[in-house]
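Following: one structure in structure tokens, then a few remarks.
The values are calculated or read from the model by the stated rules, or taken from the named source; none is laboratory data. Just so you know, these numbers come straight off a predicted model, no measurement behind them. In this analysis, Cβ positions are derived from the backbone assuming ideal geometry, glycine residues included, and neighbour counts consider all displayed protein chains.
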Amino acid sequence: MMQKKIDQRIILTQKMLKEALIILLNQKAIKSISVKELCDKADINRSTFYSHYECIYDLLEEIEEDMFEELKITFAEYESSKSSNKDLYNILFTFFANNSDMCKILLGTNSDIRFLHKLLELGEKKFYEAFTKINPKIDKDKMEFFYQYASSGFVGVLSVWLQNNMDASIEEISANVRQIINKGIQYIL
């Protein structure tokens, strides 16, 4: 019985630290946030922080990893439900909408570029898996160029959409991205 109480306190402390970091990241870059400032915001003492994390970057990495695990689950659910005609763009934009506060921070100027790199690496892996199933003889160099082009555009559109408080519906933004990727410049002509 006592173990459960300790686990709940740990979970609560970590949640408070994550929420405090998110608030501070809305105000300034991670490199400008001190452990003291974070602890003051979370209303915990420094020794408690250090009993869970070595530094603020460890806490940020845990937040990022939590999001990546959710994103991996989202991809797995999509892959297992392909027969239901669910659109990958809708599924991705729904995921990002459900995590919009964190995504704004992690893709914004006050975060660490590592999150974006991890996001692009995961997307690249899924992209290659999907396209090599369609055409195993596909030109790898062309596929890499296309992925870089499409993923940069996707992240740019996602960032603008999040910063504009998701002013377009998930269906609209998904359809637009699909059209842009499929038609390129023909989309605006």
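Listing for the model above:
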| quantity | calculated |
| --- | --- |
| Criterion: of a type in the set (A, V, I, L, M, F, W, C) and touching a Leu at 6+ places or on another chain (Cβ under 9 Å) - qualifying residue of ALA97, ALA76 | ALA97 |
| Residue check, ALA97 in the same structural domain as ALA20 (by TED's automatic domain parsing) and surrounded by 13 or more Cβ atoms within 10 Å (Cβ to Cβ) | no |
| First in region 52-70 and surrounded by 16 or more Cβ atoms within 10 Å (Cβ to Cβ), second anywhere and hydroxyl-bearing (Ser, Thr, Tyr), Cβ under 6 Å, 6 or more apart | LEU59/TYR53 |
| Top-ranked residue of region 131-148 - restricted to ones that are surrounded by 12 or more Cβ atoms within 10 Å (Cβ to Cβ) and among the aliphatic types (A, V, I, L, M), ranked as farthest from the chain's Cα centre (by Cα) | ILE138 |
| Selection from region 25-56 of residues that are in contact with a helix residue (DSSP H, G or I) (Cβ under 7 Å, 6 or more places away or on another chain) and closer than 18 Å to ILE113 by Cβ | LEU25, ASN26, ILE30, ILE33, ILE56 |
| Hey, ASN165 outside any helix (DSSP H, G or I), among the polar types (S, T, N, Q) and either farther than 30 Å from CYS55 by Cβ or in contact with a Pro (Cβ under 6 Å, 6 or more places away or on another chain) (or both) or not | yes |
| Residue check, LYS28 free of Cβ contacts under 8 Å to residues at least 60 places away in the same chain and not assigned by TED's automatic domain parsing to the domain that holds LEU107 | no |
| Out of LYS137, LYS133, LYS142, sole residue that is part of a helix (DSSP H, G or I), among the basic types (Lys, Arg) and modelled with pLDDT of 85 or more | LYS142 |
| Boolean, ALA42 is touching a Phe, Trp or Tyr at 6+ places or on another chain (Cβ under 9 Å) and either at pLDDT 95 or above or in the same structural domain as MET102 (by TED's automatic domain parsing) (or both) | yes |
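For every residue, the table says whether it meets (1) at pLDDT 85 or above; (2) small (Gly, Ala, Ser).
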| position | (1), (2) |
| --- | --- |
| LEU60 | yes, no |
| GLU65 | yes, no |
| TYR78 | no, no |
| SER83 | no, yes |
| LYS86 | no, no |
| ASN99 | yes, no |
| PHE115 | no, no |
